[in-house]
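Each reported figure results from applying straightforward, stated rules to the coordinates on display, with no laboratory input. Here the structure is a predicted model, which means the values were calculated and not measured. As a convention, Cβ positions derive from the backbone with ideal geometry for all residues, glycine included, and neighbour counts pool all protein chains shown.
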Amino acid sequence: MKNVTAGPADLGDLGELGAVGELVAAGEPRRAIRIGVTLLVIAPIVVAVVRALSHHWFPISDDALLYIRTRDVLTSHHPLLGSWTSASLSLGVNVNNPGPLYDDLIAPFAHLFSDGPGAAIGVGSVNAASIVAISAVSHALGGWRAQRLMLLACALLSWSIGSELLIDIWQAHALLFPFMLMLTLVIGVSLRRWSCLPWAVVVGSVIVQTHISYVYALFVLFAAAFVIAWRQQPRPAPATVVRAWRSRPVGLSGVALAVCWIQPVIEEFTARGKGNMTLLATHVSGGDVQVGIKNSFRLSARILFEPPWRLRTRFSTLIPTALPSGQPGHRAFDFPNSPGAAIATVLMVVLISFTVWVAHRAHRSGLVFESYACILAAVCELAAVLCVALVTVGSVGLAQHHLRWLWTVGAFVDATLFCTVLQLLAPPWRRRFHRRPTSRRSASGWWASPAVVCTVVLSVLSFPYLAQAQGPVALYYSMPTLRRIFPQLNKLKAVAPVVFDVSTLVIFEPFSSTVMMHLQALGIGFHVTDEGMIRQLGEGRRATGTERATIFQLQGTRALNYQGPACMIAGASPSSAADDTQFDGDARAIVTSLANGSIEVDSTHMSPQDIQIVQAISAGDDVLARQVVLDRTLQGWLQAGIVAGPSTSPDLAHRLDAIDSWADSYYALFMTGSTIGCL
């Protein structure tokens with residue numbers, strides 16, 4: 001192993017791009033041990049994928065919409081843009097995230113496997129590849145010390161977000177590990193390791209194209225990296241600058257930039273109306289309310305500094321969901337559970353100052369990688385304040401996914417400060433072991449163990465199942481129902497393509513997009529008329545008016561009480577088919593008892609409207625009687641004590657409670673324009 005002493009002055013100049021010696025410490029652990037630790041950090045992802053496959057997991061809700069576009073890659077519906085973004089609600093115009101690179105990465109898995117395996121293996125592979133790249137790049141930059149620092153950051157991030165988010169394709173969660181890779185590459189750029197630059201362009205393009213919320217943070221990070229690199233040689237000769245611009249890394253970066261952004265550029269010139277890039281550029285300042293600098297300090301301090309920090313139990317609660325209040329033009333946010341602006345500002349100043357001080361001490365102690373990692377950590381802390389302040393939202397308010405990238409920042413900051421302080425507390429002869437050959441045993445002594453032990457412990461703790469109640473993961477309750485719905489969709493092959501009418505959807509429902517995903521898997525073409533859905537699913541799925549049938553969905557009692565002209569083609573609850581039959585039979589029996597007078601209702605103290613309902617039921621209106629049974633009206637009458645007769649025993653209340661739970665969870669698809677496959 002080569003023994004190299006390196007400091008900031010040894011990192012080359014603009015004319016010697018990539019000609020930097022390895023910052024590798026003598027006496028570091030064997031390669032097999034380093035690979036083993038890396039594999040252990042990846043292991044929670046593998047466990048999550050295997051668990052998903054064994055439990056027949058599949059994407060739901062927004063995950064399903066994203067997966068549809070992933071499977072569209074290299075088909076007649078090939079996406080040139082990223083997904084429709086909820087920022088459209090703030091901007092007042094439908095826009096998409098800038099590009100489809102993440103779809104392109106997952107597409108091979110989507111084409112090789114079915115819905116669940118394709119998504120789980122695809123997302124898990126991207127996250128695992130990010131960790132492998134982080135491990136390799138950090139080792140190339142700073143040897144084992146840098147490698148274990150970044151692996152600890154990955155293990156901390158993996159543990160804090162929980163097992164199910166490791167395979168979640170939703171952008172807010174899918175980009176957390178690629179962003180950690182981005183931080184590693186930015187350290188390389190700041191160290192003038194210019195071979196990192198093309199890869200930083202590629203990874204940065206994937207991140208920005210997938211979720212536009214990262215654009216401010218990446219701009220700050222790139223700017224800081226180049227400033228730090230430039231400060232190492234403040235007055236380069238003109239010939240050196242020219243030679244730098246003609247260098248291989250810069251040329252490869254230009255090629256990477258062109259390749260990564262060719263699809264959005266094509267869309268810009270071929271779109272109907274204004275292209276997406278134009279819409280984003282012209283509406284960048286849109287929206288009703290900015291978070292603002294005061295709230296930014298409060299949120300940043302809460303996420304990065306406030307104990308108990310980002311423990312996994314706080315992933316769903318640490319970022320408060322808030323709606324703007326006040327009059328138009330004077331609307332603002334309020335975060336009652338966050339520290340006050342003054343206290344938060346002091347906390348953030350203390351954190352940034354401490355990080356800078358640790359960076360200074362690390363620099364003076366010859367800890368090159370650690371010092372630059374601390375500088376970048378301080379930049380990230382400052383970027384958190386600046387970028388959160390610029391977040392602009394509309395009536396939908398500030399959602400937790402707007403700030404999820406701060407979890408990566410937090411894990412990176414924590415690991416960097418922890419490992420660097422450990423290094424600084426080590427005896428000088430151990431701290432500077434890279435200046436002379438030492439044994440492997442001394443190189444991995446007591447001062448090196450805590451970081452590795454924490455990495456191992458956190459990785460093992462990440463194995464058990466944990467589904468954070470965030471994003472589509474919070475909607476797992478719908479999976480049993482959807483598993484029963486899927487086999488009933490085959491009958492639509494006889495009338496395809498169909499129009500999927502989304503006008504009946506309930507906000508945040510998980511069913512429609514998952515059904516669309518399964519229709520796509522079955523080869524059943526579907527079109528939409530809603531402009532927002534067209535932006536999401538592609539112009540090729542715009543309804544043409546020639547479709548043979550229209551389908552729509554209803555949930556709960558709306559589905560069970562539907563009396564319109566459409567026919568039901570699929571219906572299910574989370575229970576079994578036998579349970580559905582039993583609950584439906586119980587409901588019919590109670591309806592019959594109510595209609596024939598076995599269940600007597602005292603209308604003396606009823607409202608005029610309820611009296612009319614009782615009279616209509618007595619006159620033989622079975623439809624209204626069924627509605628009274630299924631929508632909790634009869635249950636309310638029972639609790640009010642106005643129901644009499646032998647059927648008013650506690651058993652009736654128990655039966656009504658069971659029927660109510662069943663009815664609330666029921667889901668059904670209806671079709672107009674055809675009677676093929678009607679139930």
**Net lengthening on full extension, L522/V227 (0.36 nm per residue, minus Cα-Cα)** = 100.9 nm
**Fill in**
Residues whose modelled amide H sits under 5 Å from the amide H of H527, counting only those 5 or more places away in sequence or on another chain, are V498, V499, F500
**Message:** 5 Å is the cut-off here: which amide hydrogens, built 1.01 Å from N in the peptide plane, fall below it relative to V95, excluding neighbours closer than 5 in sequence?
**Reply:** T85, S88
**Prompt:** In whole percent, what relative contact order does the stretch 471-625 give with Cα contacts below 8 Å and a gap of six or more residues?
**Reply:** 25
**Complete:** Full extension between H360 and I343 adds, at 0.36 nm per residue less the Cα distance, a length in nm of 3.6 nm
**Message:** Compute the distance from the alpha-carbon center of the stretch 246-306 to that of the stretch 142-188, in whole Å.
**Reply:** 21
**Item:** Full-extension gain in nm, E531 to S54, via 0.36 nm per residue minus C-alpha separation
**Value:** 168.0 nm
**Complete:** Plugging the Cβ-Cβ distance of A577 and S86 into 1/(1 + (r/R0)^6) at R0 = 45 Å yields, to the nearest 0.05, a FRET efficiency of 0.75
**Asked** Whose amide H sits under 5 Å from the amide H of V601, counting only residues 5 or more places off or on another chain, with H placed in the peptide plane?
**Response** A644
**Item:** Degrees between helix 115-161 axis and first principal axis of the chain (Cα, 0 to 90, nearest 10)
**Value:** 20
**Request:** Starting with the highest mean, order 146-152, 28-34 by the number of other Cβ atoms within 10 Å, averaged over the residues of each peptide.
**Result:** 146-152, 28-34
**Prompt:** How large is ³J(HN,Hα) for each residue in the stretch 610-622, as worked out from phi by the Karplus curve 6.51 cos²θ - 1.76 cosθ + 1.60 (θ = phi - 60°), to whole Hz, x for Gly and Pro?
**Reply:** 5, 4, 4, 5, 4, 5, 5, 5, 5, 7, x, 7, 5
**Request:** Could you tell me which of L475, H527, V203 has its Cα farthest along the dipole of the chain towards the positive end, charges placed at Cβ (Lys, Arg +1; Asp, Glu -1), taken about the Cα centre?
**Result:** V203
**Item:** the chain: relative contact order as a whole-number percent, Cα under 8 Å and 6+ apart
**Value:** 18
**Prompt:** Using θ = phi - 60° and the Karplus curve 6.51 cos²θ - 1.76 cosθ + 1.60, what whole-Hz ³J(HN,Hα) does each residue of the stretch 478-486 get, with Gly and Pro shown as x?
**Reply:** 7, 4, x, 5, 5, 4, 7, 6, 3
**Mean Cβ neighbour count within 10 Å, used as a protection proxy, ranking 660-670, 598-608 highest first** = 660-670, 598-608
**Cα gyration tensor of the stretch 355-404 - equivalent ellipsoid semi-axes, whole Å, descending** = 34, 9, 6
**Complete:** Between I33 and L390, the FRET efficiency computed from the C-beta separation at R0 = 35 Å comes out, to the nearest 0.05, as 0.20
**Asked** Spin-label point model (7 Å from Cα, Cβ direction): what's the F269 to R248 distance in nm?
**Response** 3.2
**Message:** Helix 101-112 against the longest principal axis of the chain: what's the angle in degrees, Cα atoms only, rounded to the nearest 10?
**Reply:** 60
**Fill in**
Going residue by residue through the stretch 31-42, the Karplus relation 6.51 cos²θ - 1.76 cosθ + 1.60 with θ = phi - 60° gives ³J(HN,Hα) values, rounded to whole Hz and with x marking Gly or Pro, of 4, 4, 5, 5, 5, x, 5, 4, 5, 5, 5, 6
**Message:** With the crude spin-label approximation of a point 7 Å out along Cα→Cβ, what separation in nm comes out for V350 versus F508?
**Reply:** 3.5
**Request:** Would you tally the net charge around W159, using a Cβ to Cβ cut-off of less than 11 Å, leaving W159 out, and scoring K and R as +1, D and E as -1?
**Result:** +2
**Message:** Give the list, by residue number, of cysteines in the chain with no other Cys Cβ closer than 4.7 Å, or say none.
**Reply:** C154, C196, C260, C374, C380, C387, C419, C454
**Complete:** Between the Cα axis of helix 341-364 and the main Cα principal axis of the chain, the angle (0 to 90°, nearest 10) is 40
**Fill in**
What helix-only [θ] at 222 nm does the chain give? Using -39500 (n - 2.57) per DSSP H run of at least 4, over all residues, to the nearest 500, the answer is -18000 deg cm²/dmol
**Complete:** For the chain the translational diffusion coefficient, Stokes-Einstein from a Kirkwood Rh over Cα pairs at 25 °C and viscosity 0.890 mPa s, in µm²/s, is roughly 87
**Message:** With only alpha-carbon atoms in the gyration tensor, what are the semi-axes of the equivalent ellipsoid for the stretch 471-679, in Å, largest first?
**Reply:** 38, 17, 15
**Asked** Considering the dipole of the chain built from charges on the beta carbon (Lys and Arg +1, Asp and Glu -1) around the Cα centre, which of L157, T455, A43 is farthest to its positive end?
**Response** T455
**Asked** Between A281 and S661, how many nm apart are label points set 7 Å from Cα along the C-beta direction?
**Response** 5.7
**Message:** Highest mean first, how do 225-231, 467-473 rank when packing is the count of other Cβ atoms within 10 Å averaged over residues?
**Reply:** 467-473, 225-231
**Asked** Where Lys and Arg each count +1 and Asp and Glu each count -1, what net charge lies around A521 among other residues with Cβ under 9 Å from its Cβ?
**Response** 0
**Asked** Using the alpha-carbon centroid of each, what span in Å lies between the stretch 585-603 and the stretch 661-677?
**Response** 25
**Within the chain, percent of DSSP bridges classed antiparallel, to nearest 5** = 75
